[in-house]
Amino acid sequence: MTEKTARSLRVPVKRLRRACNPNLFRFKTTDDVRLLEGTVGQDRAVSAMDFGLSIEAAGYNLFVAGPPGTGRSTELRTQVGRVAATRPPARDWCYVFNFREPARPRALSLPAGLGHKLGHDIDDLVAHVRREVPKAFESDEYAQRRDQINREMQRERERVFEALQKEAEARDLTVSVTPMGVTTLPVVDGKPLTKEQYDLLTDERKRQIQERTAELESIVAQMAPQMRRLDRGGAQLLAELDTQVMKLIATPLLDEMKHEYADESEVVAYIDQVGADMIEHIDAFRGAEDTPQQAMIPMLAAAQREVAFDRYKVNVVVTHEGAKTAPFVFEDNPSYYQIFGRVDFRSSLGSMVTDHTMIKPGALHRANGGFLAIDALDALSQPLVWQTLKRALRTKQVRIENIGEQLSMLPAATLTPEPIPLDVKVAMIGTPRVFQILQTADDDFRKLFKVKADFTTDVERINGHVELYARFIARQVKEKGMRPFDRGGVARVVEHSSRMAGDQNKLSLRMMEVVDLLVEADYWACSSGSVTVTCDHVEKAIEEKVYRSSLIEERIQEFINNGTLKVDVTGSVVGQVNGLSVYDLGDYAFGRPSRITARVSLGRGQVINLEREIGQSGSSHSKGFLIITGYLNGKFAHRQPLSFAASLTFEQLYDEVDGDSASSTELYALLSAITDVPLRQDLAVTGSVNQLGEVQAIGGANEKIEGFYAVCKARGLTGDQGVIIPKDNVRNLMLKREVVDAISEGRFHVYAVSTIEQGIELLTGLPAGRPRKAGTYADGTFFRKVTDCLEAMTRRAVEVNRAAQRELMAPTTASPDGARRRKDNGAGARRRHGRAD
């Protein structure tokens, strides 16, 4: 290869890195920049979010897809805040005691802010009744009316008793009322007979007394219902008196409350039920005497009296008091109870009890009438969350039931709160991979989450986006209270953003990493006492971050420098080439050269990947080997089969190898081993190859170039060293300034090739050669050497096969000891004799 051809393949210095001219900006510092509203370069995602949040049709919930750090959550908050501001506040929700079904608390809905007011009003009502009822029952007026009723009932009883007494006297009997009932006694001379006197009577007299007694008992039996009616009537009159007293105390407040909540029919019905229940449990308000059991334990009596009034408490589970917009809840811990609520229990006298006041809401309750955002992976990893969320969205109801109720094999008596109607827009945040899995594996997901907002990781580096980037930096500076960035600092951030994107014409939208860079640059500006953040401070932040993360890289570099890891950067070697790989540590990635070697022998065209043989080759790497075989067959096996066997490996590499970025490198090593033509060791190679011999783009081009540069720098730059990359990767170059300076000074080089032929010419110095009409190559070309060597190996293989066949077909004779020996002809004997010599 001529020097002119080599120069034509060198990447110009101006294309090794795309700088950002600080003069592009019209401001001096970010203090002069209008702050950005929204995000940079996520127009597609923003449009999808606007549609998904605004449409009110069923099933149009939102999945925000994108890698972490792209501003998914921040932009979602912004968009939800904008849409929520156009909608009214959601209604309050309360749970109250169900007087008809105590185990099924009722759910009441009220306008925003009225939930707590209803609770306070009910509390005031109960307190007023508890305070006034005992006073009323102890008043003179009540005592007079009660005594009047009792006197009237007593007179009625006396009237009935007098009539009964007359009937008894007419029969020489008398009656008396005992706890056991009405008893009759015979009378003589106006005095009741004693038992002794009765025994002295004649039998006839006793019979007469018994007959008269039976007649009187019959009359008593006839009058008994009248007596009972009198008793019930008296009790009813007293109860009506008590009811009148209760109504006089409670009705004004109840009527006032019903008027105030007249627009809420459910609330009015509940207030009526409260009033009716108060009358039914009037004894609790008048301070009835304790039972014997309560009297023995005073604390128990007090506790039970208070519990009796808990039935009137209003449990405001969700209130939007003071809110002016629809609610938005971002639940960062989407566990079952955090999302759907729970029913708590308390210990009472050795047992666990609960009531409607111990119902706790979840995020769905708080977001009802608005928006709920959760992390998809967190929700999917929590037990029962995903299934229960789907059911709530399908049924448009949110139920509160504890996990134990769903998993228990035996039913247990507990509360079953009334479900609350659900009207909420759910936004799940996750990676594209999570979205794909749900879209493929869960039919309900497609029905419930019909809108996808897809966040990208980069955007075109045009002036408009660069200006937005500067405004984004200005906003972060103000929000986080950092020092202002001057134009040079902003320009350096833009350059590093292209490096992060791995493309000269792109800006990274991994805003979390960009913000981290801003914070660290501000720290170094503070450390130096500067009032502004400059280009040097941003550069310092980048260098320090690399230093904190590059321990493993330095150790590998140390092993290469002391010869533990063998890498040649000078000379030429047959069947050996420097490949390049990238180590990704999560927060830091770096490139390192690896020696790739190839060995060739006679065979049947098989190419062995040693990493695949031991299970350390990934699928992409294994595919690259099959592509190499396809290339060789298509290039050199038209006239005759390939008659060689080859093995290739990454030397001193003990981790799994994946990716096809070394396939062109491995092909160069294999062709060198076939032809016995040495390859330059001062060049490192990366790039994948297809079956047509075209070199294709790879990832990590910057890290790979810088990795080999670091090795060459440590060994001493000669001016001939460099890296061969695919031509399609030139746009991805954002090399460090140190590397760019070395290249501009001619101490290092980067070559861009698009075909295997160009790479061969750089590595061998020989022209690759073009096929002629007969399929042959001109003398002196590399591919002519390849075809000649392959033909020679084919001839050797044919000769070996023919000799083996002749040996197998030679006649045999029996030896005296019975063994069969092959009868050798003279030539064979001479050959064996010659080998013996």
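The values are calculated or read from the model by the stated rules, or taken from the named source; none is laboratory data. Because the structure is predicted, anything quoted here is derived from the model rather than measured. Heads up, the Cβs are rebuilt from the backbone with ideal geometry, glycines too, and the neighbour counts pull from every protein chain shown. These area figures cover heavy atoms from the full protein model, side chains too; ligands, DNA and RNA do not enter into them. Shrake-Rupley method; radii C 1.70, N 1.55, O 1.52, S 1.80 Å.
For segment 18-48, which residues satisfy the criterion of being among the small types (G, A, S) and at negative phi? Answer for segment 18-48, where residues must be among the small types (G, A, S) and at negative phi: A19, A45, S47, A48. For segment 594-601, state whether one or more residues are part of a loop (DSSP other than H, G, I, E, B) and closer than 17 Å to V685 by Cα. Within segment 594-601 (the criterion being part of a loop (DSSP other than H, G, I, E, B) and closer than 17 Å to V685 by Cα), the answer is no, since none of the residues qualifies.
Count, please, the residues in segment 194-205 that happen to be within 23 Å of L164 (Cβ to Cβ) and of a type in the set (K, R). Residues that pass the stated criteria total 0. Scanning segment 117-138 for residues that are open to solvent by 20 Å² or more (accessible area, probe 1.4 Å), touching a residue at least 60 places away in the same chain (Cβ under 8 Å) and within 18 Å of A276 (Cα to Cα) returns D121, D123, D124, H128, R130, E132. Contact map, segment 778-798: first residue assigned to a helix (DSSP H, G or I), second residue of a type in the set (D, E, K, R) and open to solvent by less than 50 Å² (accessible area, probe 1.4 Å), Cβ cut-off under 9 Å, separation 6 or more or different chains; pairs are F782/E757; F782/E761; F783/E757. Before we move on, is T686 of a type in the set (S, T, Y) and touching a Gly at 6+ places or on another chain (Cβ under 9 Å)? So T686 passes the test.
Of all residues in segment 1-26, those that are more than 30 Å from Y469 (Cα to Cα) have Cβ atoms under 6 Å from Cβ atoms of residues that are assigned to a loop (DSSP other than H, G, I, E, B), 6 or more apart or on another chain, in M1/G765.
Note on segment 1-28: residues that are in contact with a helix residue (DSSP H, G or I) (Cβ under 8 Å, 6 or more places away or on another chain) and not small (G, A, S) total 17. Checked against the criterion of being open to solvent by 20 Å² or more (accessible area, probe 1.4 Å) and under 30 Å from V739 (Cβ atoms), segment 23-34 has at least one qualifying residue.
Scanning segment 660-689 for residues that are polar (S, T, N, Q), touching a Ser or Thr at 6+ places or on another chain (Cβ under 6 Å) and buried (at least 24 other Cβ atoms within 10 Å of the Cβ) yields S661, S663, T686.
Specify the residue that is least open to solvent (accessible area, probe 1.4 Å); the eligible residues are those in segment 690-716 that are farther than 21 Å from R10 by Cβ and in contact with a Phe, Trp or Tyr (Cβ under 9 Å, 6 or more places away or on another chain). In this case the residue turns out to be G693.
Scanning for something open to solvent by 50 Å² or more (accessible area, probe 1.4 Å), closer than 25 Å to A45 by Cα and either touching a Cys at 6+ places or on another chain (Cβ under 8 Å) or not in a strand (DSSP E or B) (or both), does segment 365-373 turn up at least one residue? No - not one qualifying residue is present in segment 365-373.
Please enumerate the residues belonging to segment 421-444 that are of a type outside the set (F, W, Y) and assigned to a helix (DSSP H, G or I). Those that are of a type outside the set (F, W, Y) and assigned to a helix (DSSP H, G or I): P432, R433, V434, Q436, I437, L438, Q439, T440, A441, D443, D444.
Scanning segment 754-767 for residues that are of a type in the set (A, V, I, L, M, F, W, C) and either surrounded by fewer than 21 Cβ atoms within 10 Å (Cβ to Cβ) or touching a Cys at 6+ places or on another chain (Cβ under 8 Å) (or both) turns up just one, L766.
Residues in segment 329-347 that are touching a residue at least 40 places away in the same chain (Cβ under 8 Å) and among the small types (G, A, S) were compared, and the one that is surrounded by the fewest Cβ atoms within 10 Å (Cβ to Cβ) is S335.
Each residue in segment 439-448 was checked for being among the hydrophobic types (A, V, I, L, M, F, W, C) and in contact with a Gly (Cβ under 8 Å, 6 or more places away or on another chain), and 1 pass. Among the residues of segment 531-556, the ones that are open to solvent by 40 Å² or more (accessible area, probe 1.4 Å) and touching a Lys or Arg at 6+ places or on another chain (Cβ under 9 Å) come to 4 in all.
Hey, can you tell me all the residues within segment 48-103 that are in a strand (DSSP E or B) and surrounded by 20 or more Cβ atoms within 10 Å (Cβ to Cβ)? Those that are in a strand (DSSP E or B) and surrounded by 20 or more Cβ atoms within 10 Å (Cβ to Cβ): L62, F63, V64, A65, D92, W93, C94, Y95, V96.
Screening K447 with (1) open to solvent by 20 Å² or more (accessible area, probe 1.4 Å); (2) assigned to a helix (DSSP H, G or I); (3) over 27 Å from F371 (Cβ atoms) gives one miss only, at (3). Note on segment 307-328: among residues that are surrounded by fewer than 20 Cβ atoms within 10 Å (Cβ to Cβ) and of a type in the set (A, V, I, L, M), the one that is nearest to G275 (Cα to Cα) is A308. Residues in segment 590-642 that are at positive phi and either at pLDDT 90 or above or out of contact with any strand residue (DSSP E or B) (no Cβ under 9 Å at 6 or more places or on another chain) (or both): G615 only.
Taken over segment 38-89, the criterion of being under 21 Å from R471 (Cβ atoms), aliphatic (A, V, I, L, M) and more than 20 Å from the chain's Cα centre (by Cα) is satisfied by V40, V46. All of (1) out of contact with any strand residue (DSSP E or B) (no Cβ under 6 Å at 6 or more places or on another chain); (2) surrounded by fewer than 18 Cβ atoms within 10 Å (Cβ to Cβ); (3) closer than 30 Å to K785 by Cα; (4) not hydrophobic (A, V, I, L, M, F, W, C) hold for R731 with one exception: (3). Scanning segment 496-518 for residues that are open to solvent by 10 Å² or more (accessible area, probe 1.4 Å), in contact (Cβ under 8 Å) with a residue 40 or more places away in the chain and either closer than 18 Å to A541 by Cα or within 31 Å of the chain's Cα centre (by Cα) (or both) yields H496, R499, A501, G502, D503, K506, R510, M511, M512, E513.
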